[in-house]
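The structure appears right after this line, and notes come after that.
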Amino acid sequence: MKTTPVIQVRDVEMSYDTPDGTATILKNCDLQIREGEFISIVGRSGGGKTTLLRIVAGLLTPTAGEVTIKGNPVQEALNDLAMVFQKPVLLPWRNNIGNILLPLEFRGKVTPKMKRDAQDLLELVGLADAGSKYPYELSGGMQQRVAICRALVSHPQIMLMDEPFGALDAMTRDTMNLELQRIWAETGRSILFVTHSIPEAVFLSDRVVVIGDKPGRVIADIKIDLPRLRTREHRFSPEFAAYEHQVAELIGVKEGIS
Ligand SMILES: Nc1ncnc2c1ncn2[C@@H]1O[C@H](COP(=O)(O)OP(=O)(O)OP(=O)(O)O)[C@@H](O)[C@H]1O
């Protein structure tokens, strides 16, 4: 893993004018992500996680501070980024290969090589036979895998993922965690991942970043020193439990760990 920061968030602030006055959602927010790192952002609901991710994606402009991607302003680096949302948002009238190729179509002509790449990605996520099928023929977890293929097809250096497995049942979510870890290991992407689930964050991440609320800012940046590739069994180790408790305490979770 190289040490060059691919994402640099410096002193970011985000405020909104509301009928009750100015609401400051993020303040003095600093974060650095290096090439190939998997970073999760956790924190209380409403603490500003999605806001921070959208600022990094260039979808929101911060009130103050800056975000750079490989040293450039976000707006000049959009080709380096791809985003995966909580819902897969696939076009129902296009088959799955057609959905995956969509970002490339927006940029110009789709070549046979790009089509082969899309098929390779389907194989990577275990859906080799799904290309000619339509989204409605797939389960929620399979559709989210197609959405991940769509994010990967343009070879972005950075994947931004906003609670992508939040709508899945626990078993499917576990499987998707393993799958995402494998894709991350095989493709070498930097991933910034927002989640409500502390076990998911600990399982997937090189570092778990905890956002405190009112206003949101980074209150802890915890290195997860567990071996790769992680297996289901790692979830039951004392080291894993210790990380879960450390993160839960920082968030202020009093009972249980979501
Ligand atoms: N356009 C807006 N105007 C005013 N307030 C906003 C606006 N957009 C978001 N907010 C507020 O910003 C805060 C942070 O929202 P955000 O979605 O980033 O939090 P979050 O940590 O991702 O929450 P959750 O975990 O529930 O998804 C919330 O209190 C939200 O109401």
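The values are calculated or read from the model by the stated rules, or taken from the named source; none is laboratory data. Nothing here was measured: the structure is a model prediction, and the numbers come from that model. Ideal geometry is used to build each Cβ from the backbone, glycine not excepted, and the neighbour counts take in all protein chains shown. Each accessible area value is taken on the protein alone, full model and side chains, heavy atoms only, with ligands, DNA and RNA left out. Shrake-Rupley method; radii C 1.70, N 1.55, O 1.52, S 1.80 Å.
Count neighbours as other Cβ atoms within 10 Å of each site's Cβ, and list the GluC sites (Glu not before Pro) in segment 158-258 that are DSSP loop with at most 16 such neighbours. Within segment 158-258, the qualifying GluC sites (Glu not before Pro) (loop, at most 16 other Cβ atoms within 10 Å) are GLU255.
Its residue count N sets the reference 2.2 N^0.38 Å, and the alpha-carbon radius of gyration of segment 1-156 equals 1.20 times that reference.
Three semi-axes describe the equivalent ellipsoid of segment 1-73; taken as square roots of 5 times the Cα gyration tensor eigenvalues and ordered largest first, they are 25, 14, 9 Å. Overall shape: oblate for segment 141-211, with the ratio a/c of the largest to smallest alpha carbon gyration tensor axis at 1.5 or above and b/c at least equal to a/b.
Let me have the relative contact order for segment 5-251, percent, based on Cα pairs under 8 Å that are six or more residues apart. Show your work: numbers first, answer last.
Numbers: 467 pairs, mean separation 66.3, N = 247.
That works out to 27 percent.
The alpha-carbon positions of segment 52-95 define a convex hull whose volume is 99 Å³ per residue.
The apolar share of the surface of the chain, taken as the fraction of accessible area on carbon and sulfur atoms (1.4 Å probe, ligands and nucleic acids excluded), comes to 53 percent. Compared with the alpha-carbon gap, the fully stretched path from VAL110 to GLU76 is longer by 9.9 nm at 0.36 nm per residue. Of the trypsin sites (Lys or Arg not before Pro) found in segment 34-122, those in coil by DSSP whose Cβ has at most 15 other Cβ atoms within 10 Å are LYS70, ARG94, LYS109. Taking SER132, SER205, SER40 as the candidate residues, the one with maximal mean-square fluctuation in a Gaussian network model of the chain, Cα springs under 10 Å, is SER132.
Against the longest alpha carbon principal axis of the chain, how many degrees, from 0 to 90 and to the nearest 10, is the axis of helix 238-251 turned? The answer is roughly 60 degrees.
Proximity of backbone amide H atoms, modeled 1.01 Å from N, is registered between LYS70 and ILE7, GLN8 at under 5 Å, excluding neighbours fewer than 5 places apart on the same chain.
A simple rule links phi to the HN-Hα coupling: the Karplus curve 6.51 cos²θ - 1.76 cosθ + 1.60 with θ = phi - 60°, which for segment 48-58 gives x, 5, 5, 4, 5, 4, 5, 5, 4, 6, x Hz, with x for Gly and Pro.
With θ taken as phi - 60° and the Karplus curve 6.51 cos²θ - 1.76 cosθ + 1.60 applied, the whole-hertz 3J(HN,Hα) list for segment 222-235 is 9, 6, 9, 8, 10, x, 10, 6, 7, 10, 4, 4, 4, 4 Hz, x standing for glycine and proline. Distances over 15 Å make up what percent of all Cα-Cα pairs in segment 160-248? In whole percent, the long-distance tail amounts to 60. Segment 182-201 and segment 204-258 have their alpha-carbon centroids 13 Å apart. Computed 3J(HN,Hα) for segment 207-213, one whole-Hz value per residue from the Karplus formula 6.51 cos²θ - 1.76 cosθ + 1.60 where θ = phi - 60°, is 9, 10, 9, 9, 9, x, 10, glycine and proline marked x. For the chain, the longest principal axis of the C-alpha atoms and the axis of helix 112-124 are separated by about 60°.
Which of rounded, prolate, oblate describes segment 104-170, given a ≥ b ≥ c as roots of the alpha-carbon gyration tensor eigenvalues and a/c under 1.5 marking rounded, otherwise prolate only if a/b is larger than b/c?
Numbers: a/c = 2.12, a/b = 1.35, b/c = 1.57.
Cα axes put segment 104-170 in the oblate bin.
Per-residue ellipticity at 222 nm for the chain, helices alone: DSSP H runs ≥ 4 residues times -39500 (n - 2.57), over residue total, nearest 500 deg cm²/dmol? Could the numbers behind the result be given before it?
Numbers: 7 runs with 85 residues, N = 258.
So the helix-based figure for the chain works out to -10500 deg cm²/dmol.
Other residues lying with their Cβ under 15 Å from the Cβ of ALA118 contribute a combined charge of +4, Lys and Arg counting +1, Asp and Glu -1.
Compared with the dominant Cα axis of the chain, that is its longest principal axis, helix 170-187 is turned about 80°.
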